[in-house]
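Bear in mind that the values in this text are calculations on the coordinates, not laboratory data. Given the structure is predicted, the values throughout are model-derived calculations rather than measurements. Cβ coordinates were reconstructed from backbone atoms using ideal geometry, including for glycine residues, and neighbour counts include every protein chain displayed.
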Amino acid sequence: PIPRTPVPETLAKLEPANSFFAESLFDVLPDVNFFVKDLQGRYRVVNQNLVRACGLKRKNQLIGRTVLEVFPEALARGYAEQDRQVLEKGVTIHSKLELNVYANGDHGWALSYKSPLLDKRGKIIGLTGMIRDLSLPDRNNPTLRQVATSVLEIETHYAQPLQVSTLARKSGISVMQLERHFKKLFQITPQQYIAKIRIEAALRLLRTKRPVGEIALECGFTDHS
């Protein structure tokens with residue numbers, strides 16, 4: 001998980017900087033795309049793997065550009081909306097299963113993580129994130145499609161009663177298979193993933209100062225506790 005913590009003063013302005021302390025560490029990870037973006041969603045720090053995934057050779061070819069300038073429009077719109085949620089609302093995205101399109105036209109499944117960057121006063125000044133390639137380039141891979149079906153069902157209908165057996169049936173696999181796939185991808189069970197999504201939704205609504213009971217019911221919980 002990417003911690004939502006204040007950033008060092010040297011990053012407060014999000015200057016393009018080879019001195020960013022973690023950049024060289026992320027450069028050596030072959031299955032991770034790492035980035036830092038400013039309030040306008042422009043790349044300010046990237047690792048070399050992300051540069052290659054965008055079909056570029058040098059980091060300075062990516063720095064200062066947005067996803068709308070780099071990725072196919074259909075995907076870029078979704079990425080840009082994610083950035084907006086993080087930058088404007090402080091939303092944290094964790095282990096989101098997505099289908100990516102690489103510069104060479106290949107498709108691949110990945111887990112996305114994004115988190116706001118805060119200054120010393122707690123004000124959002126940018127975002128940081130990474131995309132972990134699951135090294136399964138076939139978009140029709142049945143395992144990933146089955147898990148993606150369940151993930152979409154959970155994220156869309158978390159306020160409703162959800163049974164793992166129902167998710168498994170809609171995904172076309174057994175409960176045991178679904179649980180095994182979830183543990184392999186997310187390190188948690190489907191039931192824990194449901195709780196995670198509900199809690200994240202409730203946390204967002206608690207900022208609105210609405211009654212706890214009302215929020216609980218809206219997020220799929222059956223009582224205050």
- prompt: residue 64: net charge of surrounding residues, Cβ under 10 Å, Lys/Arg +1, Asp/Glu -1, itself excluded?
  reply: +1
task: Step through the residues of region 155-169 one at a time and calculate ³J(HN,Hα) from phi using the Karplus curve (6.51 cos²θ - 1.76 cosθ + 1.60, θ = phi - 60°), rounding each to whole Hz and writing x for Gly and Pro.
output: 5, 8, 10, 5, 6, 9, x, 10, 10, 4, 5, 5, 4, 5, 5
task: Pull up all non-local amide H partners of residue 126: gap of 5 or more, or a different chain, and H-to-H distance under 5 Å with H placed in the peptide plane.
output: 117
Length released on extending from residue 81 to residue 61, taking residue separation times 0.36 nm less the Cα-Cα span: 4.9 nm
